[in-house]
There are 2 protein chains.
Amino acid sequence: MSEVHTGESLLFLTDEQLRQGIEAVFFAYRGFTSAPDQILEGMAYGRAHHRAIHFIARAPGMNVNRLLAILGVTKQSLNRVLRTLIEDGLVESRVGRADKRERHLYLTEEGAALEGRLSEAQRAWMRAAYRKAGPDAVTGFRQVLEAMMDPELRRLYAGLREG
Amino acid sequence: MSEVHTGESLLFLTDEQLRQGIEAVFFAYRGFTSAPDQILEGMAYGRAHHRAIHFIARAPGMNVNRLLAILGVTKQSLNRVLRTLIEDGLVESRVGRADKRERHLYLTEEGAALEGRLSEAQRAWMRAAYRKAGPDAVTGFRQVLEAMMDPELRRLYAGLREG
DNA sequence: ACATTACGTCAGCCTTGTTGACATTCCAAG
DNA sequence: CTTGGAATGTCAACAAGGCTGACGTAATGT
């Protein structure tokens, strides 16, 4: 990996080095999801519910279409997840004021409580990984991840910050 | 993010920064799987088949138990995938010489051909992301990923290199 | 001889993705 | 103002790929 280390060098990467990167992503993703998975197991929810809750918490009042685009699933698939969350009183769906076709999504108090548990667990896990790797590594990590994101998705993601 | 940038500083990370990291992983993983997924769609295979093929290519002659541990699924789940691959002539299962209970797995010529297509597509994608991010970022990326891996899995993964 | 290990298989379940069909609402063209 | 099309969201049915449990068979180890 010495070629990768030296700052000014060209990026000379063997297939073997690339393969190692690929496998590292695969294995790391398992760790990434394990903390929330453990909280959810036993409850009637899975990863799909976690994802929905996460992004509703992040941008309260988001409509279904927006959430659909972010999650990258079909509306039917999301709807099933959303329905159980609404039935269980974790998510509230309000009919849009301007456009009554739209449903705007909010976490209830109970939903926010679960979201808090999930995201705190995942943050703690992430913090631990960051600490092990060190500050410089974290910067590089974020840069590569940004480069890995689909450009259109990055647009959408940036749009989230404004609302 | 200035705290993260400065090399010697403590790792001071706000919840917001951690959340961004979490979301980046989520979004990046989508891109990561999309190239192989596109090749596989239309064929009768999915991600599960890709994973099996990948690791059989990486360590030919691996027995089923070992593959099971690496993939982290049940034997029933793996078996379904493996059965179709064997039936279709992409994977060969040879009875172990030393221990005849074991089955050792190999790619056939056809299997290797598919593996080549899949991994080349994924490597190309990975290479592009690395290039965008630059050499220093790649080093950091790898360090964080290693830190994200489950310790036991890392042991297993290291063991792969020897055989 | 007997328990254990490695592997395969059948059956059945759950989550989470898919498509297809449909109701409601909005908007713009006639 | 009406009406047809587009957008939004819901219901139904199906497929992939996880899971558990139970069982069979062959080979190995004690």
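Within segment B:64-102, take every residue that is among the basic types (K, R) and away from DNA strand D (no atom under 11 Å from the Cβ) and give me the one that is farthest from A:F26 (Cα to Cα).
Taking segment B:64-102 as the starting set, the residues that turn out to be among the basic types (K, R) are B:66, B:75, B:80, B:83, B:94, B:97, B:100-101.
Checking which are away from DNA strand D (no atom under 11 Å from the Cβ) leaves us with B:66, B:83, B:94.
Values: B:R66: 17, B:R83: 23, B:R94: 27 Å.
Among those that are among the basic types (K, R) and away from DNA strand D (no atom under 11 Å from the Cβ), it is B:R94.
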**Message:** Can you list residue pairs whose Cβ atoms sit under 6 Å apart, with the first residue in segment A:127-144 being among the basic types (K, R) and the second being at pLDDT below 95 and open to solvent by 20 Å² or more (accessible area, probe 1.4 Å)? Count only pairs 6 or more apart in sequence or on different chains.
**Reply:** A:R131/B:L11
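Could you tell me whether A:G61 is touching a residue at least 40 places away in the same chain (Cβ under 8 Å), at positive phi and within 12 Å of DNA strand D (Cβ to nearest atom)?
yes
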**Message:** Can you list residue pairs whose Cβ atoms sit under 6 Å apart, with the first residue in segment A:71-85 being within 14 Å of chain B (Cβ to nearest Cβ) and the second being modelled with pLDDT under 95 and more than 8 Å from DNA strand D (Cβ to nearest atom)? Count only pairs 6 or more apart in sequence or on different chains.
**Reply:** none
**Item:** Given (1) touching a helix residue (DSSP H, G or I) at 6+ places or on another chain (Cβ under 7 Å); (2) within 11 Å of chain A (Cβ to nearest Cβ), number of the condition B:R131 does not satisfy
**Value:** (1)
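Which ranges mark the helices (runs of 4 or more DSSP H) fully within segment B:10-98 that have 3 or more residues being charged (D, E, K, R)? Working first, answer last.
Numbers: elements: B:15-40, B:47-58, B:64-71, B:75-87.
It comes to B:15-40, B:47-58, B:75-87.
Look through segment A:30-58, keep the residues that are of a type in the set (A, V, I, L, M, F, W, C) and within 14 Å of chain B (Cβ to nearest Cβ), and return whichever of them is farthest from the chain's Cα centre (by Cα). Please lay out each step first, then the result.
Filtering segment A:30-58 for residues of a type in the set (A, V, I, L, M, F, W, C) gives A:32, A:35, A:39-40, A:43-44, A:48, A:52-53, A:55-57.
Narrowing further to those that are within 14 Å of chain B (Cβ to nearest Cβ): A:32, A:35, A:48, A:52-53, A:55-57.
Working: A:F32: 10, A:A35: 13, A:A48: 10, A:A52: 9, A:I53: 10, A:F55: 8, A:I56: 11, A:A57: 12 Å.
If we take residues in segment A:30-58 being of a type in the set (A, V, I, L, M, F, W, C) and within 14 Å of chain B (Cβ to nearest Cβ), then A:A35 is farthest from the chain's Cα centre (by Cα).
Please work out if A:A147 is over 17 Å from the mean Cα position of the chain (by Cα), within 14 Å of chain B (Cβ to nearest Cβ) and open to solvent by less than 30 Å² (accessible area, probe 1.4 Å).
On the way: over 17 Å from the mean Cα position of the chain (by Cα): no; within 14 Å of chain B (Cβ to nearest Cβ): yes; open to solvent by less than 30 Å² (accessible area, probe 1.4 Å): yes.
Here the answer is no, as A:A147 does not meet what is asked.
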**Condition check for B:L18: within 14 Å of another protein chain (Cβ to nearest Cβ) and in contact with a helix residue (DSSP H, G or I) (Cβ under 6 Å, 6 or more places away or on another chain)** = yes
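Kindly provide the set of residues from segment A:94-118 that are touching a residue at least 40 places away in the same chain (Cβ under 8 Å) and either of a type in the set (A, V, I, L, M) or facing chain B (nearest Cβ under 7 Å) (or both), ordered by number. So that I can check it myself, show each step before the final result.
If we filter segment A:94-118 for residues that are touching a residue at least 40 places away in the same chain (Cβ under 8 Å), which is where we start, we get A:103-107, A:111-112, A:114-115, A:117-118.
Scanning segment A:94-118 gives A:L105, A:L107, A:A112, A:L114, A:L118.
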**Message:** Can you tell me which residue is least open to solvent (accessible area, probe 1.4 Å) among those in segment A:84-123 that are within 17 Å of A:A44 (Cα to Cα) and within 11 Å of DNA strand C (Cβ to nearest atom)?
**Reply:** A:L85
**Test for B:G61: is it open to solvent by less than 20 Å² (accessible area, probe 1.4 Å), over 20 Å from the mean Cα position of the chain (by Cα), away from chain A (no Cβ under 14 Å) and farther than 30 Å from B:A137 by Cα** = no
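The values are calculated or read from the model by the stated rules, or taken from the named source; none is laboratory data. Since this is a predicted model, take the numbers as computed values, not measurements. We place every Cβ from the backbone using ideal geometry, glycine too, and count neighbours over all the protein chains shown. Ligands, DNA and RNA are stripped out before the accessible areas are found, and what is left, the full protein with its side chains, is counted by its heavy atoms. Shrake-Rupley method; radii C 1.70, N 1.55, O 1.52, S 1.80 Å.
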